[in-house]
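Chemist: Have a look at this one before I ask anything.
The values are calculated or read from the model by the stated rules, or taken from the named source; none is laboratory data. All values derive from a computational prediction rather than experimental measurement. Because the Cβ atoms are built from the backbone with ideal geometry, glycine has one as well, and the counts that use them run over all protein chains shown. Protein only, heavy atoms only, side chains kept; ligands, DNA and RNA dropped before computing areas. Shrake-Rupley method; radii C 1.70, N 1.55, O 1.52, S 1.80 Å.
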Amino acid sequence: MIRGTYLEISYGKLKHNLELVKKYAGSKSLICMVKDDAYGMGALNLSKVLENDPMVNAFAVANLKEALELKNSGIKKDIIIIGHVDKTCYEEVIANNFISTISTYDQAMELSEASKKLSKVARVEIAIDTGMGRIGFNVGDETIKSIKDISLLSNIKIYGMFSHFSVSDCEKEDTENVQYTNNQELKFKTLIENLSNLGVDVGMTSLSSSAGIFKAIGMDFDAVRPGIILYGIAPSTAFQNLDLKPIMSLKSHIVHIKNIKPETSISYGRTFVSKDNMKIATICCGYGDGYPRSASNKSSVIVNDKKCKIVGRITMDMLMVDVTDVDCKVDDEVILIGESNSEKITLDTLSEETGEFSYELLTRINKRVDRIYID
């Protein structure tokens, strides 16, 4: 039996979320975002489940290391390195048939030269900056010429072209950002049309990621790129009642219980001092596992189907909770994120209580926390 802190991850809920994405995406191909170890939940295990679906066309990762991990685990479908690829890695990327993301003509030239050495064809994903301001070609006549020139390079194959919304998760009443999003879509669509008129095949096009899929924006292209929604988490509070099922629960257990008297301080800094007699349980989870220290004296955990307040500062490996009114013992299970029969603590709840971004909280859960997969 697991006695440390662990993530319990459900394949069944992953499949449920995939079916929901497919319902919204219609006939679009799916490029599944499994970067950062599938948002911390295990890219290798989850990709093997997702790969079985015929609508899944490719997986997107952040760097070469992640791409190699997927390929070496037996993933057969296309792997797009959607982040930066250093030129020193070009030959390894080409040799493994990965798709490189490029933002300049010079990158395409260098990939072409590297592919010639290997007598192979380098596949590229062209990034377009329609308003994100991160990577990609700016939209304009110069970009049209550059992409046409890239299409004529020897040993280069344009696999696809994409752009990325920056505020597609905004509320519908936010007219300024709604218009900004619409303008991004128009820029991308116009660029594709102009290139098509010149006879340039830009491959599989995509614009919409998690928020756009559920809002049905950016859907006039070949593929969509679901990310956080696959794992059962809404892109923002603008999305309600989507029937998403969080695939993971963060769990631990009680390692110590003690009774304390009034005026007893708990943990570093004496930020909590008891006013009455209390029963305190120590849980073997701390910020060293990725649980946020900012939850100190704010958030709760679930012990035997009852919410229990965290008291005192969370330490690197442990945190303390008030279990005065709970019948519990050492080794009892504790739910830090997840649900019991009648109580629930969501990632969004923890985000609201700590003021920290939910995506960051998720990806912060580190490798010493075991991942346990269930059906």
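Chemist: Please get the size of the charge dipole for the chain, origin at its Cα centre, with Cβ charges of +1 on Lys and Arg and -1 on Asp and Glu, quoted in debye to the nearest 20.
Modeler: 740
Chemist: Here is a further query. Karplus couplings for segment 94-106 from phi (6.51 cos²θ - 1.76 cosθ + 1.60, θ = phi - 60°), rounded to Hz, Gly and Pro as x?
Modeler: Karplus-based 3J(HN,Hα) across segment 94-106 equals 5, 4, 8, 6, 6, 9, 9, 8, 10, 10, 9, 5, 4 Hz.
Chemist: Once you have a ≥ b ≥ c as the square roots of the Cα gyration tensor eigenvalues for segment 13-148, tell me rounded if a/c is under 1.5, and otherwise prolate or oblate according to whether a/b is larger than b/c.
Modeler: Cα axes put segment 13-148 in the oblate bin.
Chemist: Also, quick follow-up: Given the pairs Lys117/Lys145; Lys71/Lys145; Lys65/Lys307; Lys35/Lys329, which span a C-alpha to C-alpha distance of over 30 angstrom in this model?
Modeler: Lys71/Lys145; Lys65/Lys307; Lys35/Lys329
Chemist: Accessible area of segment 220-262 with a 1.4 Å probe: how many percent of it is carbon plus sulfur?
Modeler: Answer for segment 220-262 is 43 percent, counting heavy atoms of protein chains only.
Chemist: Looking at the square roots a ≥ b ≥ c of the eigenvalues of the Cα gyration tensor of segment 165-232, which shape do they give, rounded for a/c under 1.5, prolate if a/b is larger than b/c, or oblate?
Modeler: Because a/c hits 1.5 or more and a/b fails to exceed b/c, segment 165-232 counts as oblate.
Chemist: Per the 1.4 Å probe, what fraction of the accessible area of segment 319-375, in percent, lies on carbon and sulfur atoms?
Modeler: 44
Chemist: May I pose another question? Using θ = phi - 60° and the Karplus curve 6.51 cos²θ - 1.76 cosθ + 1.60, what whole-Hz ³J(HN,Hα) does each residue of segment 218-227 get, with Gly and Pro shown as x?
Modeler: Values, residue by residue: x, 9, 8, 10, 6, 9, 10, 10, x, x Hz.
Chemist: If you roll a 1.4 Å probe over the heavy atoms of the protein chains, what accessible area per residue do you get for segment 255-305, in Å²?
Modeler: I get 50 Å² per residue for segment 255-305.
Chemist: Here is a follow-up. For segment 25-66, what is the accessible area per residue in Å², given a 1.4 Å probe and the full set of protein chains?
Modeler: That works out to 34 Å² per residue.
Chemist: Next question, about the same structure. Divide by every residue of the chain the summed helix terms, -39500 (n - 2.57) for each DSSP H run of at least 4, and state the resulting mean residue ellipticity at 222 nm, rounded to the nearest 500 deg cm²/dmol.
Modeler: After summing the helix terms and dividing by residue count, I get -9000 deg cm²/dmol.
Chemist: List the residues, sorted by chain then number, that are 5 or more residues from Thr205 or on another chain and whose placed amide H is less than 5 Å from its amide H.
Modeler: Met161, Asp222, Ala223
Chemist: Looking at Ser249, Gly4, Asn63, which one has the Cα that reaches farthest to the positive end of the dipole of the chain (charges on Cβ: Lys, Arg +1; Asp, Glu -1)?
Modeler: After comparing all options, I get Gly4.
Chemist: Loop sites only, by DSSP: take the trypsin sites (Lys or Arg not before Pro) in the chain that have at most 13 other C-beta atoms within 10 Å and name the longest stretch containing none of them.
Modeler: It runs 173-274.
Chemist: So for the pair Lys120, Glu333, with labels modelled 7 Å out along Cα→Cβ, what separation do we get in nm?
Modeler: In this crude spin-label approximation the distance works out to 4.6 nm.
Chemist: Just the number, please: carbon plus sulfur as a percent of the accessible area of segment 135-198, 1.4 Å probe, no ligands or DNA/RNA counted.
Modeler: Answer for segment 135-198 is 48 percent, counting heavy atoms of protein chains only.
Chemist: Roll a 1.4 Å probe over the protein chains and send me the accessible area per residue for segment 79-221 in Å².
Modeler: It amounts to 46 Å² per residue over segment 79-221.
Chemist: Local charge sum around Thr130 (other residues, Cβ-Cβ under 9 Å, Lys/Arg +1, Asp/Glu -1)?
Modeler: Local charge sum for Thr130: -1.
Chemist: Under 22 Å between alpha carbons, and skipping anything fewer than 8 positions from Lys116 in its own chain: which lysines qualify?
Modeler: Lys87, Lys148, Lys157
Chemist: Another one. Where a Cα-Cα gap under 17 Å defines reach, which lysines qualify for Lys22, not counting those fewer than 8 residues away within the same chain?
Modeler: Lys13, Lys215, Lys245
Chemist: While we're looking at this one, here's another question. Between the alpha-carbon centers of segment 323-344 and segment 109-176, tell me the distance in whole angstrom.
Modeler: That distance is 49 Å.
Chemist: Residues with beta-carbon under 14 Å from that of Gly269, excluding Gly269: net charge, scoring Lys, Arg +1 and Asp, Glu -1?
Modeler: Once all neighbours under 14 Å are counted, the net charge is +3.
Chemist: How much of Glu113 can a 1.4 Å solvent probe reach, expressed as accessible area in Å² and rounded to 10?
Modeler: Around 90 Å² of this residue is reachable by solvent.
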